[in-house]
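Asks: Can you read through this structure? Questions will come right after.
The values are calculated or read from the model by the stated rules, or taken from the named source; none is laboratory data. Since this is a predicted model, take the numbers as computed values, not measurements. For neighbour counting, all protein chains shown are included, and Cβ atoms are generated from backbone atoms with ideal geometry for every residue, glycine included. Surface areas here come from the heavy atoms of the whole protein model, side chains and all, with no ligands, DNA or RNA. Shrake-Rupley method; radii C 1.70, N 1.55, O 1.52, S 1.80 Å.
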Amino acid sequence: ARRRFALPVLVAALLLVPGARSASAASGLYATCQQLQRRAEAFAGRVSYVVADLQGGARCERGANEPYISASLYKLFVFAEAYRQQRAGSFSFDETLTVIPELLGNESEVAPESHVPASEALRLMVQVSDNASADALRRRLGPGLVASMPVRLQLRGTLLGQQFETTAGDMARLFEAL
């Protein structure tokens, strides 16, 4: 059985070190990892993170495979599925979506029962974390297809069914794949 957490702290950090490999780049990653470790140990809650040097391959992590409720991180999979379907020709950023904030019982950047271009729903979902726009996109793309995105990417710690869970390790692998 998977563990559920009400107030998770999840950090999926990636460090891109530009330019040539050098001792200073490696020491920068080491210093970042040491600082994260000290802060994690001082924090009263749970902390998970992954820091990866995408050029050199070095990485550090803490609790990388511990499950957390994903909160808005699931929107990254909605975003990825929208682009996958757009490339496949089954979704257009120009099509109109109906955004219904009252279905979720929370505030939205759009008026109730608004009709907005998919491109605007994507922008709102990513830039201001608009839940109603994410829901409209997820309904249009197909909840099952969005839920299967982590499976296609072999992210074994991410579930997007009834409960949305992920791990810092899966988030790092997602960003590395992008």
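Asks: Using amide H atoms built 1.01 Å from N in the peptide plane, name the residues 5+ places from residue 48, or on other chains, whose amide H lies under 5 Å from its own.
Replies: For residue 48, whose amide H was placed from the backbone, the distant partners under 5 Å are 11.
Asks: Additional query: Sorted from largest to smallest, which semi-axis lengths in Å does the alpha carbon gyration tensor of the range 45-178 give for its equivalent ellipsoid, taking the root of 5 times each eigenvalue?
Replies: Working through the eigenvalues yields semi-axes of 28, 17, 13 Å.
Asks: Moving to a separate point now. At a threshold of 8 angstrom on Cα-Cα distance, excluding pairs fewer than six apart, so keeping six or more, what relative contact order does the range 35-178 reach in percent?
Replies: Relative CO of the range 35-178 lands at 28 percent.
Asks: Give me the net charge for the shell around residue 151: Cβ to Cβ below 15 angstrom, other residues only, Lys and Arg +1, Asp and Glu -1.
Replies: With Lys, Arg at +1 and Asp, Glu at -1, the neighbours total +1.
Asks: Report the local net charge at residue 37: Lys and Arg +1, Asp and Glu -1, summed over other residues whose C-beta lies under 15 Å from its C-beta.
Replies: Result for the local shell: +3.
Asks: Let me ask another. Note down the Stokes-Einstein diffusion coefficient of the range 39-83 in µm²/s, whole number, using a Kirkwood radius over alpha carbon pairs, 25 °C, and 0.890 mPa s.
Replies: Result for D is 190 µm²/s.
Asks: What residues qualify as long-range amide H neighbours of residue 97, i.e. H under 5 Å apart, gap of 5 or more or another chain, H built at 1.01 Å from N?
Replies: Correct list: 116, 118.
Asks: Moving on to the next point. Got a number for carbon plus sulfur as a percent of the range 29-151's accessible area, 1.4 Å probe?
Replies: That fraction is 53 percent.
Asks: Calculate one ³J(HN,Hα) per residue across the range 36-51 by plugging θ = phi - 60° into the Karplus curve 6.51 cos²θ - 1.76 cosθ + 1.60, and present them in order as whole Hz with x for glycine and proline.
Replies: My calculation for the range 36-51 gives 4, 4, 4, 5, 5, 5, 7, 7, 6, x, 8, 9, 10, 7, 9, 10 Hz in order.
Asks: Please work out how much length the chain gains when fully extended from residue 43 to residue 127, using 0.36 nm per residue of separation minus the C-alpha to C-alpha distance, in nm with one decimal.
Replies: 27.4 nm
Asks: Can you list the residues, at least 5 places off or on another chain, whose amide H is less than 5 Å from the amide H of residue 91, using H built in the peptide plane?
Replies: 86
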